[in-house]
Amino acid sequence: MHPDTSLYSIPEAELLGKLGSSGAGLSSGAAAKMLHETGSNTVAVGRRHTVWLDLLDRCRNPLVVQLLIIAGVSYLMGDLRSTAVVGGMVFLSVFLSYFQETRSSRAVEKLQKLVKTTVSVMRDGKEMEVPLEEVVPGDVVVLAAGSLIPADLRILSAKDFFVTQSALTGESMPVEKNADVNQPAGRAAFEFTNACFMGTNVLSGSARGIVLATGTRTYFGSLAVKLGSKREATSFDKGVRGFTWLMIRFMVIMVSITFLIVGLTRHNWAEALLFALSVAVGLTPEMLPMIMTVCLSKGALMMSRKKVIVKQLHAIQNFGAMDVLCTDKTGTLTQDHVVLERYVDVTNRPSEDVLRYAYMNSFYQTGLRNLLDRAILAHTELDVERNCRKVDEIPFDFKRRRMSVVIDYEDRHVLVCKGAVEEVTAACDNYQVDEDINPLIRLIRDDLMDEYRNLSAQGYRVLAIAYREFDRSKQVFSVADESELILLGYIAFFDPAKDTAAKAIGALARSGVAVKILTGDNELVTRKVCNDVAMPITRIATGPQLAALDEAAFSRAVDEANVLARLTPDQKEKVIQTLRAKGHVVGFLGDGINDVLAMKAADVGISVDTAVDVAKESADIILLEKSLLVLEDGIIEGRKVFGNIVKYIKMGASSNFGNMFSVVGGAYFLPFLPMAPIQVLVNNLLYDFSQVGIPLDNVDQEYLDKPRRWNIRSIRNFMIVVGPISSIFDYATFFLMLYFFGCVAFGATGTPETTRAYLERLFHTGWFVESLLTQTLIVHIIRTHRLPFIQSRASKTMSFTTVLIMAAGVWLPFSPLAHYLGFVPLPPIYFVWLAGFLIAYSVLTHNVKMWFARKFGTD
């Protein structure tokens, strides 16, 4: 149930009393008791189903539904053997995928716990960090820019506090929140100005709020329960779904034709139905769900071992298909270890006043402290609280690119402003050197900007420091007060280039991934860093330049430039959208609140475990180390996953297409069924089992060297070109069994019934073994564009399943199961012919495959 709306309008003291809390928050004991009563602060999204619900959900796949229908029809017609075999296929498709995915997922979940989201709360009168899951009603939470709203809460105090509610309301514009309890009657809860809700995040400002509801009792939680965890389908999901339904439609047509041919030629419609149902199973890639889930789960596990945590399995394919990576430079090209190097006045002399004012600004600000703030506070330690008292704060935003704190200092209220040099100096009328204050004339401004550009070109990040004094009677301040400032000087920071950045950029380039730098920093610093890491610059475009362009020019600039500087968050988002519109698969690596819009706009959002909460929650992929080398390792693993999924699809499509010609032709001209229904099913079951090693198969290096996308046209062409090759050798086997081994005598007048039955079973056995061995062996030809077995070898798992199934196929005619399955022993000379067929089939398929690669490409 949702929080009582009356809680948003009652006096604060009464509210605290109802919740058993205080302005200093809960005690640790009270919080533990409340957690036991209310449960973990989690919602239904991503919650693991019970075993039976999970299995039932997997059975809803159209391919599995088809198998269950066939099993049901076979049972009703009394064919218990076919029912049992089809049941075995369902087991392989459903249970094996469940067990494999569950095992892999649990291992990945353990690593995902390394990526923690914490919340600042008041406990025992002190501010502390607690896991998001442990927030309880009555907790007083401390919020700042970049924070996630951890639960449904009421604001107790706020300063310039704006939140983004688009996840709940669809409204893209930020909404200001305050502590006003006078809420008009009849308003919806989302319209209360003192209410914040789980699932939203803080854009700017600071606030304190008291938690009213957690978990499924929140508005967001109730929506999650109703809607579940449905996500938008990726291009890969749509492609696989399209392929699945294509094969199902293809199967329905071919099975209908087979049913009519067998029924009309044999005049036994029950036999025709059973055979047609068996063919339906043979023409269906029923292992696709298992192969996909196991490939993705195993891929996530392998990526986690390389410090890449996958939050959304569907992102793995996009990760491997990514051909443009957009990233900030801090921490990727640089060491992410910012050091304060200079603090000087306008005349470029060291100034303790500049350092002191910068320190006070960073110390008292309650918004999101960035690397520069931490560098200032780490440089020195000043006892500012002894002589100062904070009065007010004007939070940072990405349009002003500055922030201010107001402190009571030396009997005056002093507004201390820190920010981008251009923005701060634009708000200044005067400058100060020692005790002298002078007008900031054009000449001084130009000299200052020249020095700023010079430092930027050397790789320094520069911020200006200014102040303005007010009378103590003024208590409330706003952005309008950031005017008529006195420029005190500037501070300069240095973040050295990362030693591994050049190697990583080169590796990404060789892998077909273009790197674009999207930064809010100026173009001079960015150029210096790019030069330090040997990153070639094709063109530099700045935010102001892009803002002046029309759509066509903007698109050209984004395509040509690989360094885009001084960007606002909205511009980062637009850059990503433009690149995607041009057909690129775009990844965005970010860790700040200014990166969230771009991260959500990208095909795959990437963040790091040290990022702000809202960035981590928005990401599909989390890096445990902010490094392009780690990212490159993850991309390669993503391509391996995609490659193995496409292998199965190509194998299944071409094999099924070839079987179509063999089954339809055999049913038409043979005097008996080309294979008994139970034999078709056993053949397909064994072939399916041989494919379970695909998720662990090796992938050739050349396949990993460039991004790979879903290409249904390539799969269709491959199916049409390679598929019919198998029919050549199927028909060769037909004629071998008919004329060389005398099965044609079956149709001769006066042939004893026992002899006719034996010859029919001999034919069935011969084609069964040939069909199974060629299908199983040919996987090793199709899986690579190299020379199989010599230049490219399958994994041990896949090789083992191949040998095992081929051995089983040869053994079955001589086994105790032979009579039950309708097999008879094959003469030794048959296996000489079979060896010749296998060699010829492999050589022909390899040559056709290589011709196909030259003509249509290797995608």
Is it true that Phe162 is farther than 18 Å from Leu16 by Cα, modelled with pLDDT under 80, surrounded by 14 or more Cβ atoms within 10 Å (Cβ to Cβ) and touching a Ser or Thr at 6+ places or on another chain (Cβ under 9 Å)? no
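How many residues are part of a helix (DSSP H, G or I) and either modelled with pLDDT under 90 or crowded, with 21+ Cβ neighbours inside 10 Å (or both) when one looks only at the stretch 424-441?
Here the count works out to 2.
Table: residues versus (1) modelled with pLDDT of 85 or more; (2) aliphatic (A, V, I, L, M); (3) under 36 Å from the mean Cα position of the chain (by Cα).
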position	(1), (2), (3)
Asp373	yes, no, yes
Asp383	no, no, no
Val391	yes, yes, no
Arg400	no, no, yes
Val416	yes, yes, no
Select from the stretch 499-549 the residues that are small (Gly, Ala, Ser) and under 28 Å from Glu423 (Cβ atoms) and list them in ascending order. Gly520, Ala541, Gly543, Ala547, Ala548
Go through (1) assigned to a loop (DSSP other than H, G, I, E, B); (2) touching a Lys or Arg at 6+ places or on another chain (Cβ under 6 Å); (3) not hydrophobic (A, V, I, L, M, F, W, C) for Glu469 and report which single condition fails. (1)
Confirm whether Tyr8 is at pLDDT 75 or above, closer than 30 Å to Leu821 by Cα and surrounded by 14 or more Cβ atoms within 10 Å (Cβ to Cβ). no
Report yes if some residue within the stretch 527-546 is open to solvent by less than 10 Å² (accessible area, probe 1.4 Å), assigned to a helix (DSSP H, G or I), more than 21 Å from Thr334 (Cα to Cα) and of a type outside the set (S, T, N, Q); otherwise report no. yes
Among residues belonging to the stretch 345-367 that are without any contact (Cβ under 8 Å) to a residue 40 or more places away in the chain and part of a helix (DSSP H, G or I), point out the one that is surrounded by the fewest Cβ atoms within 10 Å (Cβ to Cβ). Glu352
Test each condition in (1) hydroxyl-bearing (Ser, Thr, Tyr); (2) at pLDDT below 85; (3) under 25 Å from Gly39 (Cβ atoms) for Thr214 and report the one that comes out false. (2)
Ser607 open to solvent by less than 10 Å² (accessible area, probe 1.4 Å) and modelled with pLDDT under 85: no
Could you check Val843 against (1) over 17 Å from Ser654 (Cβ atoms); (2) among the β-branched types (Val, Ile, Thr); (3) free of Cβ contacts under 8 Å to residues at least 40 places away in the same chain and say which number it fails? (1)
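With the structure loaded, tell me whether Ala808 is part of a helix (DSSP H, G or I), open to solvent by 10 Å² or more (accessible area, probe 1.4 Å) and modelled with pLDDT of 90 or more or whether it fails that test.
yes
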Looking only at the stretch 325-344, decide whether some residue is modelled with pLDDT of 85 or more, surrounded by 24 or more Cβ atoms within 10 Å (Cβ to Cβ) and over 30 Å from Ser618 (Cα atoms). yes
Among the residues of the stretch 687-698, what is the count of those that are buried (at least 22 other Cβ atoms within 10 Å of the Cβ) and among the aliphatic types (A, V, I, L, M)? 1
Filtering the stretch 815-840 for residues that are open to solvent by 20 Å² or more (accessible area, probe 1.4 Å) and free of Cβ contacts under 8 Å to residues at least 12 places away in the same chain leaves a count of 9
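Can you pull out the residues in the stretch 488-522 that are among the acidic types (Asp, Glu) and either crowded, with 21+ Cβ neighbours inside 10 Å or touching a Cys at 6+ places or on another chain (Cβ under 7 Å) (or both)?
Within the stretch 488-522, just Asp495 meets the criteria.
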Right, Ala457: within 30 Å of Thr334 (Cβ to Cβ) and within 40 Å of the chain's Cα centre (by Cα) or not? yes
Can you run down the residue pairs with Cβ atoms below 7 Å, 6 or more apart or on separate chains, where the first is in the stretch 471-492 and under 13 Å from Ser404 (Cβ atoms) and the partner is part of a loop (DSSP other than H, G, I, E, B) and among the basic types (Lys, Arg)? Val479/Arg400
Could you please tell me which pairs satisfy a Cβ distance under 7 Å, a separation of 6+ or placement on different chains, a first residue in the stretch 65-80 that is farther than 17 Å from Leu685 by Cα, and a second residue that is part of a helix (DSSP H, G or I) and open to solvent by less than 60 Å² (accessible area, probe 1.4 Å)? Val73/Leu277; Tyr75/Thr83; Met77/Ala270; Met77/Leu274
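The values are calculated or read from the model by the stated rules, or taken from the named source; none is laboratory data. Everything numeric in this text was worked out from a predicted model, so none of it was measured. Backbone-built Cβ (ideal geometry, glycine too); neighbour counts: all protein chains shown. SASA here: full protein model, heavy atoms, side chains in, ligands and nucleic acids out. Shrake-Rupley method; radii C 1.70, N 1.55, O 1.52, S 1.80 Å.
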